[in-house]
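Presented below is the structure to which this report refers.
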Amino acid sequence: MIFAKRLRERVMRGEITCSVRIWRGPRVKVGARYALGLGAIEVTDLREIGLQDVTGDLARRSGFEGVVDLLKTARHGPGERVYLVTFEYHAQDKS
């Protein structure tokens, strides 16, 4: 998964643990890990939701100011299906 540059540090600090994505179909799998910085995020849940489920609270938990800010980033391709992805960040083991 790729995150907007302004969100990456907050994801790696564990402040952001979910992301709303608009895709044609699922692009990630539960349990899979995706590289980010010196570690990786592990997808813990993937659910299709309705656009009406994207609230201001969910947008803020995803690292955005509000729904409009989130949708400006999320609506960049031809997808129409809305997904809520939850994840945990795992820093690289330093041993």
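The values are calculated or read from the model by the stated rules, or taken from the named source; none is laboratory data. Computed from a predicted model, the values in this text were never measured in an experiment. Glycine also receives a Cβ, built like all others from the backbone with ideal geometry; neighbour counts cover every protein chain displayed. Only protein heavy atoms, including side chains, enter the accessible area calculation; ligands, DNA and RNA are left aside. Shrake-Rupley method; radii C 1.70, N 1.55, O 1.52, S 1.80 Å.
See the values below:
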{"item": "Unique match (being surrounded by 14 or more Cβ atoms within 10 Å (Cβ to Cβ), of a type in the set (G, A, S) and modelled with pLDDT of 95 or more) among A40, A74, A35", "result": "A40"}
{"item": "Only listed residue being under 11 Å from the mean Cα position of the chain (by Cα), free of Cβ contacts under 8 Å to residues at least 40 places away in the same chain and open to solvent by 20 Å² or more (accessible area, probe 1.4 Å), chosen from R8, R21", "result": "R8"}
{"item": "Residues within the stretch 82-95 that are at pLDDT 90 or above and in a loop (DSSP other than H, G, I, E, B), tallied", "result": "1"}
{"item": "Spans of strands (runs of 3 or more DSSP E) in the stretch 1-81 with at least 3 residues over 28 Å from D93 (Cβ atoms) and in contact with a His (Cβ under 6 Å, 6 or more places away or on another chain)", "result": "none"}
{"item": "In the stretch 77-95, the residues that are of a type outside the set (G, A, S) and either crowded, with 18+ Cβ neighbours inside 10 Å or in contact with a strand residue (DSSP E or B) (Cβ under 8 Å, 6 or more places away or on another chain) (or both)", "result": "E80, R81, V82, Y83, L84, V85, T86, F87, E88, Y89, H90, Q92"}
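Residue by residue, here is whether (1) touching a helix residue (DSSP H, G or I) at 6+ places or on another chain (Cβ under 6 Å); (2) within 11 Å of V85 (Cβ to Cβ) holds:
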{"residue": "K5", "(1), (2)": "no, no"}
{"residue": "R13", "(1), (2)": "no, no"}
{"residue": "T17", "(1), (2)": "no, yes"}
{"residue": "V20", "(1), (2)": "yes, yes"}
{"residue": "K29", "(1), (2)": "no, yes"}
{"residue": "A40", "(1), (2)": "no, no"}
{"residue": "R47", "(1), (2)": "no, yes"}
{"residue": "L58", "(1), (2)": "no, no"}
{"residue": "E65", "(1), (2)": "no, no"}
